[in-house]
Amino acid sequence: MFDIYTFFKFQNDDVLSGDAPAFTPCFQDTVLVYIPFGWLLVSLPFYFPYLYKKPPGFSLPLTAFSVTKSVLCAILLILTLLEVWAHDTYGYLCQSDDVPISFYVGVVVRSIFYIIVTLFIQYLRVKRVYNSGILYTFWILLLFSAIIPLQWKISFQPSCTSSIIYYIYFAVISLQCILHSFADKAQKPGYQLLGQNKQCPEGQSSVLNRLSFWWMSGVVITAYRKTLGISDLWDQTPDLRSDNCIPILDEEWQKEVERCKRAEKKSQSVKYEKHMHTNGRPNGDMMNEKEPLLSKSESAEFYQKERTKPIKPSLYRVLIRTYWKQWFFSSFLKIIDDIFALGQPFILKYIIDIIETKKPDESPDWRGYTLAILFFLAGMGTTIFYSQSAYVMMRLGLQMKTAVIGIIYKKALTMSNASKKNYSVGDIVNLMSVDCQRLQDAFQFQYEIVSFFVMIALGLYLIWIEMGLSTVGSLVVIVVVAIIQIWFGKLQEVYQIIILKLKSSRIRLLKEVLNGIKVLKMYTWEPSFTSKVLDIRDGEMKFLKKVATVTSWSLLLSIHSPFLMQFSILMLYVLLSSSSYLSASKVFTALSTVNILRFSLTMTPFVVTGVTQLYVSVGRIQEFLWKEDLDTDNVSKNLNSDYAVSIENGTFTWDREDPNITLKNIDVKVPDGKLVAVVGQVGSGKSSLVSAMLGELEKVGGKVNVKGSIAYVPQEAWIQNLTVKDNILFGETYIERKYQKVIKACALLPDLAILSAGDQTEIGEKGINVSGGQKQRISLARAVYNNCDVYFLDDPLSAVDSHVGKDLFRNVIGNTGLLKHKTRILVTHGVHWLPMVDSIIVMEHGRIREMGTYEELLQKRGAFAEFLQTYLLHGNQDEDEEDHEISKMKDQIWEQVENAMSDYDGISAEEGLSRRKSMRKASQGLILKDEIQKSAVGPDSMTRRRSKITMQRQISETQSAITESLTRGNMPKLHRAMSQGRSLPFDDEKEDHDEKASGSLTTEETTKVGTVKLAVFIAYIRAMGTFGAFFSVFSMAVFQGLNVYGNFYLTFWTEDDLLKNQSLSNTDEYADRNLYYLGVYTLLGVIQGIFIFLFGIIGLRRLVRAAGNLHSTMLHCVMRSPMSFFDTTPLGRIMNRFSSDVDILDDRLPRTYRLFNAMFFSMIGILVVISINTPAFLIAIVPVGIFYVLVLRFYLPTARQLKRIESVTRSPIYNHFSETISGASSIRAYRAADRFVDVSHSRVDRNSAFYFAAISGSWWIGVRLEFLGNILVLAAALFSIIQTDISGADIGLSLTYSMQIIIALNLVVQAVSEMEMNVVSAERVEEYTVLQPEAEWILPAHRPSPSWPETGKVNFVEYTTRYRPGLDLVLRGINCNINDGEKVGIVGRTGAGKSSLTLSLFRLIEAAGGGIDIDGQRISDIGLHDLRSKITILPQDPVLFSGPLRQSLDPLELFTDADIWLAIERAHLKPYIMTQPAKLNMECGEGGSNFSVGQRQLVCLARTLLHKTKVLILDEATAAVDIETDELIQETIRTEFSECTVLTIAHRLNTVMDYDRIMVLDKGLIVEFDSPKKLLTDKEGVFYKMAKDANLVG
């Protein structure tokens, strides 16, 4: 067999046997010349095309630096020619006149390439290449190739003329290496590009700069000098930016999608062809030509069957196809690193040989020193190539994460509504926050995959050379371990799938809980929902512990496998040849090789875990990407159409898989510039019709076309977390005059006047600090400002007061408003607007029942006339009757309807009008119920219907009257309450005090400064369990100690005098001694295995426990926080901690923990062994160790701050993502998707820039500390050679361990950096475990009686309050008594303190002075839950939770099914619920998305009925619902809460005109408090003025 070592045995060769190496001139003239120039010959043919295809741009300036490099090349050419002259003149090497042909060939080669390089340097400048790796490698190779000739000339021909020329030649080459170590500089422009920030210095760095990561030094120095801020870092490097990463992956994904479509089409075609030829014939006979190929039923059955097996695109394939080059390049660099690493045992063998055969006359000192330097250079090669391999792989992971986030975001904007049923906002955010991060983390050690096989193959070969057949044992160990590790990987895959599903469920539920936190607090449901979240978390913990157990066994196999390999080698060696002597050279060459393999084996669990998580996460993302998109062909955009909006024979559905059709037989044609109203009963399909026109519904059949640009005002206004102004502009250019005109027309001026920063006031998430009406008007203003061609207005007037609605119709929507020349599709329940529209569409059960002008539909006396009659007679009149002009309009419309319908219902127009007025008065509490019934009965003789002409004249007169009314200039202004709160906007005055002049509502997320506090570590250790944490670390220390002793034990074995005596080799004593050493070595290995397993099973399971405890504590603290915390903290910021930070504690921190412990104690063991065997080594280790600590301390602030800022910049990504998903339909309608994608890209890039800086920083410190490690290796080698009293075994052990120090130092630094960064997540979680809580939920010593309150009497005593400490008082001394059973309306201008009063009753804000008594009990003396459970509220905005309907009604399971059904019946929901298959267990979508707005409000009413108490708070619960729902709710409230004390916040005065008393608030004080009748008699009073403004009085 070929022995690789024989090639390098130079001891007896003339080349290396002298006092200096003597390489032949032929070797110098050929091999040493061809190596560097051969590099250029191989690389330039590939590099030139790359440069040629590079996009054109500005070239680098012609500087002295660039010119100098070219001039030096010319000088090298001249010196090369001078060498020819010197040899021709003075003889070859000043010895012979004959110059060999090889010299001239070398000169020609050098001359040609120097000319090429001279020109190439300038070509690189023109192509804007700052520094070329090709050229730098050339100069380095040339320099190293020139060292041997230089040494030869100095040693043998120092004064020869050619030697002197060569000295200059070598100096110029050295100068070129120095110059090419620096990059060319771009000329600074005399201008600054708009929006351009600091550019990443990496792109303009030299090769040496990149290899050493010197370009990161600026950030590291800045972080050491001061706390890093976001502005201290540069923009993301170009190749990692979203706009570069995402298109590449997206293009490949689209290719894959198209490939699957073609493959499926081809497959279907082939199967169909086969089916046609056989078509049900068992014998396969061909069909008759006249026979039909397939009957309709057979064809349908065939396609239905085949459709169940679609060919789906593979994201795995796409990722491999996109990124295989980078992955392969990283793996290639790692293989080179492995070659350098395995070269060290090879060098070690010769160092041991030199030590063992050291004789002054045979072993010159230069050979030992040369081997020590080679040992050092091999280590440096390992450092450079390992760092670059890992760096390239980490960049690849970040690049992939950025790209995948991009395609997830794009998918969220295009996915169909049916697809969204399976993916809530929380689910999709979880894909971004957890799965994408795991995808990136999986690449941390991916380079080890190929390296593992290369290392094992080469390592086993080297061991085979030394140990022969005994190597088979180690091969068996590797195979067995690999098989078991694969099985462990499969187990982890199963567990990870379950964990991620549970994590998604937890995040989804938690997001809903936080969205509805105010409802939870008011209903005292925090414990119930906390336990639901923790139940899911317990499921996670169960499988995380299983993962920890599997990982512990995997850790045992990987870390202990080197021992098993050594043991198997030694056992077979002893058993196969017990008489053979184990020399130090053999043992420690094999041992050093196994120890190098140790790190590849140690990384195996990390690689297995990473690949498993990668596979699972990619699969989850792939499943999401498979979901169906909205069909872009649902709506065409033909600009040449005759109509602005047209639908021809349209059939639509929300879900193609649902057999129920949403809309059918739809035919609509809307001319340009017309106003079309869409009316109908609740659930008739009005909003669905608008969605169909927008393309949001799936088109089953027909054609839809919309001409021009679109603006959309949804029924539930979508508001961004931006300023009022930015919400209105929506990306459009600001034009002052246009802007002012829009906000005036949309009645926003009064609102802006009361905001602290006007239109610069920040609106919180989901519009938490504005009311429903204000949100709707901002949404309308956005649409108007965008100046589109077609406007879809989905009931925007339902959320505003009637007089405001009239203002909006006159100034904006109607034919006298800003949109008068636009095409408008208006969904409305306001029948009084119908005479003013151009056309009306009447919807019924998903069909268009009637369509035409107002006059035409009345004349038909069909569905439209019935609709008007229903709403005008039976609908609740409170909404609009407060405005006399609107009331007059309705009376006129009613008269027309009665004229049209009198022949059918037998009631005259006059009596119908009388009946309508009676109903209106009854609703206002002005007449008795029996009077209503009396007025409803008409006489037997009835007036017959008038003629058709008379009716048309009346219609015309009505339209004129309405037009005149709408065009008046003295319309009442808006007085709508500003709102505050996460889900229930009724804190009307809060914004006056919360917001500073800047208009900012939410607080900026702060980052900690300095080192992670000791308290964080203590808290984490306590969460782990103190004993378990320390015992785990102790176990690892014992394992490493035994491992070190085991290797020392090998020196005892090899140095045993008996075994060294080969004359005793065949004796029993000799064999027994070998077996004795083998037995003790076995025992040491078994004990090591026990302790490493204890480290894993205890440490990892305790880490799982710590993550669970911290999550549980954080959850309890967040749920116990006051509402002020949620008002000022964005939801994304809280979710960031519960998703990303908790996932880091679950997954990444345990991985870092075990890596840190393994490498740290390994490094300690290495230093101990080397110090014991080579005491002189301590001379080097002390200063290097001090420098090591100093450099580490210099760097750690960078790691901490970059991680902290990276965590902070992560929250805006999730906020924006959640916001985008919620408003996807609006974004699509405005065709603003590209702009939102750009915003997402910028936020992702900002975040990834810090992550990129963090991983770059870890290699900045890694390279430097590895350099120190290599210095230690060099010191160990030199001291070993210098010492004369050391054995070969001791040297072998010392240098074997010194070889490990490089990798150990690298991984220790990496682990320390990772630990430092990951502990930041523990710090962030711990920060939320010490939040300031609200008052105690239960005070055992001060619990009220179970029957409290018995009457519901409420007293305010000098009550004052503020929203948060440091803010002004919002209630400044409230004194009043509210009697039991009394109905009190609370009114006042915006900011008066209405909502603050009700919040005070729930103690959502605490008293600053005074108090509140309910039935004589001071509410501040009892627990919050005792108080809140005794008060009921029906909020304005309905909040439901996903899950069974029963859970949204009764999460505490306090009521029976009969109770729940009774509440549902009284809430008028029973007919709908009974139609659902699951009844009470029917699933509510996220936020109740599968209910209409009206139905959601009815569910909340049922919940209120179920939790009925003596005190009821109503916050204008019918402000945003349609007339029919309003009627149902008002009717239920009047009957079911007749005995309760009712406090109603009234935004519409008419709703409380029949109350017992009215409380008028102004600036936090009660200014009036009496019955409505008495208050209206005081014409100077505040209430009278408010009633006058509302046109309730003349």
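Restricting attention to the stretch 1324-1340, the residues that are open to solvent by 20 Å² or more (accessible area, probe 1.4 Å) and in a helix (DSSP H, G or I) total 3. Exactly one residue among Leu1075, Leu1103, Leu1155 is assigned to a helix (DSSP H, G or I), in contact with a helix residue (DSSP H, G or I) (Cβ under 8 Å, 6 or more places away or on another chain) and within 15 Å of Ala1322 (Cβ to Cβ), and that residue is Leu1103. The criterion of being part of a helix (DSSP H, G or I) and open to solvent by 40 Å² or more (accessible area, probe 1.4 Å) holds for Lys586.
There is at least one residue in the stretch 1395-1403 that is open to solvent by 10 Å² or more (accessible area, probe 1.4 Å) and either out of contact with any Leu (no Cβ under 6 Å at 6 or more places or on another chain) or in a loop (DSSP other than H, G, I, E, B) (or both). Going by what's in this entry, would Val804 be described as buried (at least 24 other Cβ atoms within 10 Å of the Cβ) and at pLDDT 80 or above? No, not satisfied. Say whether the condition of being part of a helix (DSSP H, G or I), open to solvent by 40 Å² or more (accessible area, probe 1.4 Å), farther than 21 Å from Ile1301 by Cα and in contact (Cβ under 8 Å) with a residue 12 or more places away in the chain is met by at least one residue in the stretch 591-610. No.
Going by what's in this entry, would Arg1193 be described as open to solvent by 10 Å² or more (accessible area, probe 1.4 Å), of a type in the set (Lys, Arg), in contact (Cβ under 8 Å) with a residue 12 or more places away in the chain and farther than 30 Å from Ile355 by Cα? Answer is no for this residue.
The rows are residues; the columns are (1) among the basic types (Lys, Arg); (2) open to solvent by less than 30 Å² (accessible area, probe 1.4 Å); (3) assigned to a loop (DSSP other than H, G, I, E, B); (4) at pLDDT 85 or above.
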site: Lys198; (1), (2), (3), (4): yes, no, yes, no
site: Arg210; (1), (2), (3), (4): yes, no, no, yes
site: Leu228; (1), (2), (3), (4): no, yes, yes, no
site: Asp235; (1), (2), (3), (4): no, no, yes, yes
site: Cys260; (1), (2), (3), (4): no, yes, no, yes
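If you check Asn660, Asn727 for being closer than 30 Å to Ser419 by Cβ and free of Cβ contacts under 8 Å to residues at least 12 places away in the same chain, only one passes: Asn660.
For the stretch 92-104, check the following and say yes or no: at least one residue is in a helix (DSSP H, G or I), open to solvent by 40 Å² or more (accessible area, probe 1.4 Å) and at pLDDT below 90. Within the stretch 92-104, one or more residues are in a helix (DSSP H, G or I), open to solvent by 40 Å² or more (accessible area, probe 1.4 Å) and at pLDDT below 90. Is it fair to say Ser554 is closer than 30 Å to Thr1504 by Cα, of a type in the set (S, T, N, Q) and crowded, with 17+ Cβ neighbours inside 10 Å? Criteria not met by Ser554. Put simply, of Leu491, Leu514, Leu502 the only residue that is among the hydrophobic types (A, V, I, L, M, F, W, C), open to solvent by 20 Å² or more (accessible area, probe 1.4 Å), closer than 26 Å to Ser1222 by Cα and at pLDDT 85 or above is Leu502.
Here Leu797, Leu873 are screened, and the one residue that is aliphatic (A, V, I, L, M) and at pLDDT 70 or above is Leu797.
Could we say that Leu1528 is open to solvent by 20 Å² or more (accessible area, probe 1.4 Å) and either part of a helix (DSSP H, G or I) or at pLDDT below 75 (or both) here? Against the criterion (open to solvent by 20 Å² or more (accessible area, probe 1.4 Å) and either part of a helix (DSSP H, G or I) or at pLDDT below 75 (or both)), Leu1528 qualifies. Across the stretch 676-697, the number of residues qualifying as β-branched (Val, Ile, Thr) and not in a strand (DSSP E or B) comes to 2. Residue count for the stretch 1463-1493, restricted to those that are of a type in the set (A, V, I, L, M), without any contact (Cβ under 8 Å) to a residue 40 or more places away in the chain and surrounded by 14 or more Cβ atoms within 10 Å (Cβ to Cβ): 5. Just one of the listed residues (Lys669, Lys664) is in a strand (DSSP E or B), of a type outside the set (A, V, I, L, M, F, W, C) and under 13 Å from Val645 (Cα atoms), and it is Lys669.
Yes or no, residue by residue, for (1) more than 18 Å from Val1439 (Cα to Cα); (2) modelled with pLDDT of 85 or more; (3) touching a helix residue (DSSP H, G or I) at 6+ places or on another chain (Cβ under 8 Å):
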{"residue": "Ala1463", "(1), (2), (3)": "no, yes, yes"}
{"residue": "Ala1502", "(1), (2), (3)": "no, yes, yes"}
{"residue": "Ala1519", "(1), (2), (3)": "no, no, yes"}
{"residue": "Glu1524", "(1), (2), (3)": "yes, no, yes"}
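Within the stretch 710-733, the only residue that satisfies the criterion of being open to solvent by 20 Å² or more (accessible area, probe 1.4 Å), touching a Lys or Arg at 6+ places or on another chain (Cβ under 7 Å) and at negative phi is Ala717.
Here is a yes/no grid of residues against (1) without any contact (Cβ under 8 Å) to a residue 12 or more places away in the chain; (2) assigned to a strand (DSSP E or B); (3) surrounded by fewer than 16 Cβ atoms within 10 Å (Cβ to Cβ); (4) in contact with a Phe, Trp or Tyr (Cβ under 6 Å, 6 or more places away or on another chain):
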| site | (1), (2), (3), (4) |
| --- | --- |
| Ile825 | no, yes, no, yes |
| His829 | no, no, no, no |
| His832 | no, no, no, no |
| Pro835 | no, no, no, yes |
| Met843 | no, yes, no, no |
| Glu850 | no, yes, no, yes |
| Leu858 | no, no, no, no |
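Output yes when any residue across the stretch 1045-1066 is at pLDDT 85 or above and open to solvent by 10 Å² or more (accessible area, probe 1.4 Å), and no when none is. Scanning the stretch 1045-1066, I find at least one residue that is at pLDDT 85 or above and open to solvent by 10 Å² or more (accessible area, probe 1.4 Å), so the answer is yes.
Within the option set Leu1278, Leu1268, Leu1272, Leu1305, being modelled with pLDDT of 75 or more, under 26 Å from Arg1200 (Cβ atoms) and either out of contact with any strand residue (DSSP E or B) (no Cβ under 8 Å at 6 or more places or on another chain) or of a type in the set (A, V, I, L, M) (or both) holds for one residue only, Leu1268.
Okay, residues lined up against (1) within 25 Å of Pro25 (Cβ to Cβ); (2) open to solvent by 70 Å² or more (accessible area, probe 1.4 Å); (3) of a type in the set (S, T, N, Q); (4) within 60 Å of the chain's Cα centre (by Cα):
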{"position": "Ile121", "(1), (2), (3), (4)": "no, no, no, yes"}
{"position": "Ser132", "(1), (2), (3), (4)": "no, no, yes, yes"}
{"position": "Thr161", "(1), (2), (3), (4)": "yes, no, yes, no"}
{"position": "Ile165", "(1), (2), (3), (4)": "yes, no, no, no"}
{"position": "His180", "(1), (2), (3), (4)": "no, no, no, yes"}
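Asp1413 passes every criterion in (1) under 30 Å from Ile1205 (Cβ atoms); (2) surrounded by fewer than 22 Cβ atoms within 10 Å (Cβ to Cβ) apart from (1). Entry remark, the stretch 213-226: residues being touching a Ser or Thr at 6+ places or on another chain (Cβ under 9 Å), open to solvent by less than 60 Å² (accessible area, probe 1.4 Å) and touching a residue at least 12 places away in the same chain (Cβ under 8 Å) number 6 in total. Considering only residues in the stretch 1341-1355 that are modelled with pLDDT under 90 and not in a loop (DSSP other than H, G, I, E, B), the one that is nearest to Asp1421 (Cα to Cα) turns out to be His1342.
The values are calculated or read from the model by the stated rules, or taken from the named source; none is laboratory data. If you're wondering where the values come from, they're calculated on a predicted model, not measured in any experiment. With ideal geometry, Cβ positions are generated from the backbone for all residues, glycine too; neighbour counts draw on all protein chains shown. These accessible areas exclude ligands, DNA and RNA; they are computed on the full protein's heavy atoms, side chains included. Shrake-Rupley method; radii C 1.70, N 1.55, O 1.52, S 1.80 Å.
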